[in-house]
Amino acid sequence: MDHSESSSPVLVGRRIRDLRVKLGLKQQDLASTDISASYISLIESGKRAPSDAVLGTLARKLGCSPDHLRTGRDDHALEDARLKLSFAEMALRNGDNGEALQSFGELLAKPALLDAPMRLRARIGQATALEKLDRIEAAIPVLEELAKDPSLAAGSDEWCRVSVALSRCYRNKGDVSLSIEIGERALATLDALGLDVTMDHIQVGSTLIGSYLMRGDLTRAHLLADKLIAAAEEHGGRSGRGAVYWNAGMVALSRRQLPEALALTERALALMADDDNLRHIAMLKMNVAWLELQSEHADPVRARDLLEDAGQTLAELGSAVEQARCEICLVDANTRLGRWDEAADHAHRALGLLSSGPRVEAVGARVRLAEIHLLRGETDTGLQALHAATRQLRHFAPSYETAQEWRHIGDVWKRQGRTKEALNAYEQALHASGMPATYDPARAVSPQHQS
């Protein structure tokens, strides 16, 4: 039975009558100056649908909630479900994603116990838990269904969360074009509402910047970052401003402006240092550390300390992919410090975290492991690992990320004096970045026209 059927006048009237009889009351006992006994009789027979005000008055006299009379949901069961929902959301905030997912699933398995706002919260929580557990293929259908839900008002906080999550999931799954389409559509919807720039604009825009970067559309990413920085400084809180500076730092990095990228990301970390989202702070520390390692005067000790601090938080609150990225950065920090054994341990941990499915990050871990073998003088093992990373990378679609990994592989081959392998990797990097090979004019010359 759906909720429209359970709220029919006949069933509402029957619930009122049954509860009145159970309490030993007469129709006259429910009557008041505004509600006659004859009107109560019409309600109980299903011939009149009570207004919300009348339903509220009758509920008070019957010792229950208006929702119970309207839907038949048990008040105690509803309160238990509300409490369980709050605990599930708390588990999600604390990084207990598996426990949260189980609780949301149990709640949604008994939809009759939930009112409409609770069902919406549980469905959004379920999608969030799935995404955090890196079960993106399972999260996307839930988010798609939510995005089509007519009760999700455009511009609401829930609508924004769903739009951002759906765009982010498609991006992480590799469908960058659809991710951008969703993000741009969400921004257009917010603009069409005629609102001033809000935190919703900033959240959607920040996600869209990340998708532009992944597609290699640096101009759009840069323009949107500049626009969001101005809006965040005027309208955003510290957390919102931090998110914008975080993305602006990534844009600067993509434009090879390393000092600016580090400065912007450091500012983002300072703005978000007091935020209660410990996972975001850990991710920012990881970004600052990575940028530190790329800078001209790198401080690998500082980078390692930031990464170890971030890693402790991500082990509790982060996804497997986020933890793996931190481990990969620790490979770089320890390699720079000459701590090759520790670097190799971190590379193996990253590969273990990424074992559930194909990820470009796994290629990065394998290339670094190959480098460590080569640094140790284990040439055959190192070259075998590099060949394995090359074969694995061929299975991924061209993207900005794969272009970076091809460049890394090419650099390692070049350092080994393997010109043929290096040239092939560099060509793959150019192809992945969207730069086609130039036309060979010799192909246009026919034999009879040659002198």
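The values are calculated or read from the model by the stated rules, or taken from the named source; none is laboratory data. All figures in this text were calculated on a predicted structure; none of them were measured in a lab. Every residue, glycine as well, gets a Cβ built from its backbone with ideal geometry; the counts of neighbours run over all protein chains shown.
Before we move on, is Ala252 farther than 27 Å from His201 by Cβ, of a type outside the set (Asp, Glu) and modelled with pLDDT under 90? Spell out the reasoning first.
On the way: farther than 27 Å from His201 by Cβ: no; of a type outside the set (Asp, Glu): yes; modelled with pLDDT under 90: yes.
In short, no.
List, please: which pairs have Cβ atoms under 6 Å, are six or more places apart or on different chains, and start with a residue in region 338-354 that is under 16 Å from Cys326 (Cβ atoms) and end with one that is among the polar types (S, T, N, Q)?
Close Cβ pairs (under 6 Å, with a partner that is among the polar types (S, T, N, Q)) amount to Glu342/Asn334; Ala343/Asn334; Ala343/Thr335; Leu353/Gln323.
Within region 204-251, how many residues turn out to be under 22 Å from Thr402 (Cβ atoms) and among the aliphatic types (A, V, I, L, M)?
Here the count works out to 8.
For region 158-197, name all the residues that are of a type in the set (Lys, Arg) and in contact with a Ser or Thr (Cβ under 7 Å, 6 or more places away or on another chain).
Narrowing region 158-197 to residues of a type in the set (Lys, Arg): 161, 168, 171, 173, 185.
Hits for region 158-197 are Arg168, Arg171.
Please determine whether any residue of region 188-207 is under 25 Å from Met435 (Cβ atoms) and in contact with a helix residue (DSSP H, G or I) (Cβ under 8 Å, 6 or more places away or on another chain). Please lay out each step first, then the result.
The initial filter retains those residues of region 188-207 that are under 25 Å from Met435 (Cβ atoms), namely none.
No, region 188-207 contains no residue that is under 25 Å from Met435 (Cβ atoms) and in contact with a helix residue (DSSP H, G or I) (Cβ under 8 Å, 6 or more places away or on another chain).
If you check Val204 against the conditions, is it part of a helix (DSSP H, G or I), at pLDDT 85 or above and out of contact with any strand residue (DSSP E or B) (no Cβ under 6 Å at 6 or more places or on another chain)? Step through it out loud before you land on a result.
Numbers: part of a helix (DSSP H, G or I): yes; at pLDDT 85 or above: yes; out of contact with any strand residue (DSSP E or B) (no Cβ under 6 Å at 6 or more places or on another chain): yes.
The answer is yes for Val204.
Tell me whether region 167-176 contains one or more residues that are acidic (Asp, Glu) and more than 15 Å from the chain's Cα centre (by Cα).
Scanning region 167-176, I find no residue that is acidic (Asp, Glu) and more than 15 Å from the chain's Cα centre (by Cα), so the answer is no.
In region 362-400, which residues are crowded, with 20+ Cβ neighbours inside 10 Å and under 15 Å from Val321 (Cβ atoms)?
Ala362, Val363, Gly364, Ala365
How many residues does region 19-66 hold that are part of a helix (DSSP H, G or I) and under 21 Å from Asp115 (Cβ atoms)?
Just the residues of region 19-66 that are part of a helix (DSSP H, G or I), to begin with: 19-22, 27-30, 37-44, 52-62, 66.
Now restrict to residues that are under 21 Å from Asp115 (Cβ atoms): 19, 52-60, 62, 66.
Number of matching residues: 12.
Which one is modelled with the lowest pLDDT among residues in region 367-389 that are under 29 Å from the mean Cα position of the chain (by Cα) and under 28 Å from Pro436 (Cβ atoms)?
Ala389
Does Arg135 qualify as being surrounded by fewer than 20 Cβ atoms within 10 Å (Cβ to Cβ) and within 13 Å of the chain's Cα centre (by Cα)?
Working: surrounded by fewer than 20 Cβ atoms within 10 Å (Cβ to Cβ): yes; within 13 Å of the chain's Cα centre (by Cα): yes.
Spelling it out, Arg135 is indeed surrounded by fewer than 20 Cβ atoms within 10 Å (Cβ to Cβ) and within 13 Å of the chain's Cα centre (by Cα).
Scan region 301-316 residue by residue and report those that are more than 25 Å from the chain's Cα centre (by Cα) and either among the aromatic types (Phe, Trp, Tyr) or over 12 Å from Asn287 (Cβ atoms) (or both). Even if it seems obvious, please write down each step before you answer.
Applying the first criterion (more than 25 Å from the chain's Cα centre (by Cα)) to region 301-316 yields 301-305.
If the condition is that a residue be more than 25 Å from the chain's Cα centre (by Cα) and either among the aromatic types (Phe, Trp, Tyr) or over 12 Å from Asn287 (Cβ atoms) (or both), then Val301, Arg302, Arg304, Asp305 are the ones that fit.
Taking region 71-95 as the search range and keeping residues that are at pLDDT below 80 and buried (at least 17 other Cβ atoms within 10 Å of the Cβ), which one is nearest to Ser8 (Cα to Cα)?
This residue is Thr71.
Within region 177-201, how many residues turn out to be among the hydroxyl-bearing types (Ser, Thr, Tyr) and either more than 13 Å from Ser167 (Cβ to Cβ) or not in a helix (DSSP H, G or I) (or both)?
Just the residues of region 177-201 that are among the hydroxyl-bearing types (Ser, Thr, Tyr), to begin with: 177, 179, 189, 198.
Adding the requirement that they be either more than 13 Å from Ser167 (Cβ to Cβ) or not in a helix (DSSP H, G or I) (or both) leaves 198.
Counting residues in region 177-201 that are among the hydroxyl-bearing types (Ser, Thr, Tyr) and either more than 13 Å from Ser167 (Cβ to Cβ) or not in a helix (DSSP H, G or I) (or both) gives 1.
Take Lys285 and decide whether it is crowded, with 23+ Cβ neighbours inside 10 Å, more than 21 Å from Gln404 (Cβ to Cβ) and not hydroxyl-bearing (Ser, Thr, Tyr).
Values: crowded, with 23+ Cβ neighbours inside 10 Å: yes; more than 21 Å from Gln404 (Cβ to Cβ): yes; not hydroxyl-bearing (Ser, Thr, Tyr): yes.
Yes, satisfied.
Restricting the search to region 144-167, which residues are in a helix (DSSP H, G or I) and farther than 15 Å from Asp200 by Cα? Reasoning before the result, please.
As a first pass, look at region 144-167 and keep what is in a helix (DSSP H, G or I): 144-147, 157-167.
Selection gives Glu144, Glu145, Leu146, Ala147.
Is it the case that region 431-447 has a residue that's crowded, with 16+ Cβ neighbours inside 10 Å and in contact with a Phe, Trp or Tyr (Cβ under 9 Å, 6 or more places away or on another chain)? Give the steps one after another, and end with the answer.
Start the filter on region 431-447 by keeping residues that are crowded, with 16+ Cβ neighbours inside 10 Å, which leaves 432-433.
Checking which are in contact with a Phe, Trp or Tyr (Cβ under 9 Å, 6 or more places away or on another chain) leaves us with 432-433.
Looking through region 431-447, at least one residue is crowded, with 16+ Cβ neighbours inside 10 Å and in contact with a Phe, Trp or Tyr (Cβ under 9 Å, 6 or more places away or on another chain).
Quick test of your reading of the structure: Leu146 fulfils all but one of (1) under 25 Å from Ser86 (Cβ atoms); (2) modelled with pLDDT under 90; (3) over 11 Å from the mean Cα position of the chain (by Cα). Name the failing condition by number.
(2)
Are any residues in region 296-324 surrounded by 14 or more Cβ atoms within 10 Å (Cβ to Cβ) and assigned to a loop (DSSP other than H, G, I, E, B), and if so, which ones?
Ala298, Asp299, Gly318, Ser319, listed by residue number.
Being at pLDDT below 90 and under 21 Å from the mean Cα position of the chain (by Cα) is the filter here, so list the residues in region 99-119 that pass it.
Residue satisfying the conditions is Arg119 alone.
If you go through region 381-403, how many residues are closer than 20 Å to Gly174 by Cβ, free of Cβ contacts under 8 Å to residues at least 40 places away in the same chain, assigned to a helix (DSSP H, G or I) and not hydrophobic (A, V, I, L, M, F, W, C)?
3
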